[in-house]
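The structure under discussion appears below in the form of structure tokens.
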Amino acid sequence: MKGEPEHNVAGGCRARTPSALHCAAMFQYRLEDTQGSARAGTLHTPHGEVPTPAFMPVGTQGTVKALAMEEVEALGARMVLANTYHLYLRPGHELVHELGGLHRFMRWDGPLLTDSGGFQVFSLSAIRDVHDDGVDFKSHIDGSTHTFTPERVMDIQRALGADVIMAFDECPPGGCDRVTAEAACDRTLAWLARCRDRFDVLQTEADGPAQALFPVLQGNVYDDLRRSHAERTLGMHDWKGYGIGGLSVGEAKHDMWRTLEILDGVLPADRPRYLMGVGYPDDLLEAVARGCDMFDCVAPTRNARHGTAWTSTEGQVNLKAARFKRDTAALDPMCDCTTCSRYDRAYLRHLVVASEWLAMRLLSIHNLRFLVRLGEEARTRIGNGTFEGWHVEWLERFRKERSNQ
Ligand SMILES: [Zn+2]
């Protein structure tokens, strides 16, 4: 914090000297409607409200790839995610802090979430040693060696200053054996206790932002481990929300759905549930139907860079296809994004085939809006009691059209 006035979105409030009571009020989750297990609610943060279900665009390096933050705001995103691992390595969390924190650095005044870096350490860094104290790893950028401990990860996320921060967890590969999954659960719980101790100390500092710490639930595809890890995590503290980790890492879809159904029966109704790393349209909707509230995924922008877009009328399409050469229709006639309002498929195909930068930008805007709008529509349908029939029809249509590609 540098002493100058904060610029917040409407309804936001920045706690400069957060008291425990103030923090508790700021990160309340209000559950507003349910239909079956599907939930509509609102998460309150110091930088504004997040209506759920909500898709959060991923700003890996403090940027949602190819887009300016005003474009991310214009497409309706309410909360954005950034990656601790990447920002720690480059430009460094101390520099971001010195420049006023991540909100200010990336010019995003809305709610912000940082992950713990755990997933990237386990998936990106080339060489590592996992031990009870933390993880030793080598940077994927220059090979330099680093150590993440639970305390260190809290310090880094404190310096970045996101509203919601995630506990450091061990995320074993999808489909790992039971002994490995069980050991990861135990280690994740031990690290969670250390994260919380450090977090509590950091939150007493007078000049920092108010933050909420979400634990990450593990247990792979083992039902009893999923249940026991969630129950032990709940027993440790009255957390403000819960991250569901270790899914969408190579396991079968039916394992993911069954896991979410188990957790739906264990997790408290009045806390948000963040399904980490899940965000293909049909997966998002399946998870909403099983009680999940918040989502993130790099797929919308990554697919855009490969010329792939999601549509309401034809499922997933690749704009390189010759059939779009003279197609003057909007990419998705049901979509209200700036890409679909202004450009046609023939032009978008030309941009994709010519590898023009604008193709990545326009398709990123559309794909992100597609997921944000899917969350908005699910929320409306849960509110007016039409979610159950709508979501089944939506999934059937999307998958049928995708399988026809
Ligand atoms: Zn669109």
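Below are the figures for this structure:
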quantity	calculated
Enumeration of residues in region 155-187 that are touching a Leu at 6+ places or on another chain (Cβ under 6 Å) and of a type in the set (A, V, I, L, M)	L160, A162, V164, I165, A167, A181
Residue match in region 292-313 (condition: at pLDDT 95 or above, buried (at least 17 other Cβ atoms within 10 Å of the Cβ) and touching a His at 6+ places or on another chain (Cβ under 7 Å))	yes
Lone qualifier among A193, A181, A230, A206 - being open to solvent by 10 Å² or more (accessible area, probe 1.4 Å), farther than 15 Å from E151 by Cβ and of a type in the set (A, V, I, L, M)	A206
Any hit, region 256-278, residues being modelled with pLDDT of 95 or more, within 16 Å of the ligand (Cβ to nearest atom) and not in a loop (DSSP other than H, G, I, E, B)	no
Failed item in (1) touching a Cys at 6+ places or on another chain (Cβ under 7 Å); (2) under 20 Å from D115 (Cβ atoms), with L192 passing the rest	(1)
Residue, most open to solvent (accessible area, probe 1.4 Å), within region 47-72, restricted to residues that are more than 19 Å from G161 (Cβ to Cβ) and over 16 Å from the mean Cα position of the chain (by Cα)	E70
Whichever residue in region 97-141 is aliphatic (A, V, I, L, M) and over 17 Å from Q157 (Cα atoms) and, among such residues, is nearest to the chain's Cα centre (by Cα)	L124
Single match in G161, G175 (criterion: touching a residue at least 60 places away in the same chain (Cβ under 8 Å) and open to solvent by 40 Å² or more (accessible area, probe 1.4 Å))	G175
Count of residues meeting criterion [of a type in the set (V, I, T) and open to solvent by less than 10 Å² (accessible area, probe 1.4 Å)] in region 263-282	1
L285, sole failed condition from (1) more than 16 Å from the ligand (Cβ to nearest atom); (2) open to solvent by 10 Å² or more (accessible area, probe 1.4 Å); (3) under 26 Å from T52 (Cβ atoms)	(2)
Residue count for region 310-351, restricted to those that are within 15 Å of the ligand (Cβ to nearest atom), aliphatic (A, V, I, L, M) and more than 27 Å from the chain's Cα centre (by Cα)	4
Residue selected from region 93-123 under the condition surrounded by fewer than 17 Cβ atoms within 10 Å (Cβ to Cβ) and out of contact with any Phe, Trp or Tyr (no Cβ under 7 Å at 6 or more places or on another chain), by the criterion modelled with the lowest pLDDT	S123
Helices (runs of 4 or more DSSP H) (entirely within region 96-208) containing at least 2 residues that are under 29 Å from T52 (Cα atoms) and among the β-branched types (V, I, T)	150-160
Of all residues making up region 355-405, the number that are within 13 Å of the ligand (Cβ to nearest atom), in contact with a Leu (Cβ under 7 Å, 6 or more places away or on another chain) and either open to solvent by 70 Å² or more (accessible area, probe 1.4 Å) or within 22 Å of V288 (Cβ to Cβ) (or both)	7
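The values are calculated or read from the model by the stated rules, or taken from the named source; none is laboratory data. Note that this is a predicted model, so its numbers are computed, not measured. Cβ: placed from backbone, ideal geometry, glycine included. Neighbour counts: every protein chain shown. Side chains are part of the model used for accessible areas, which takes the heavy atoms of the whole protein and leaves out ligands, DNA and RNA. Shrake-Rupley method; radii C 1.70, N 1.55, O 1.52, S 1.80 Å.
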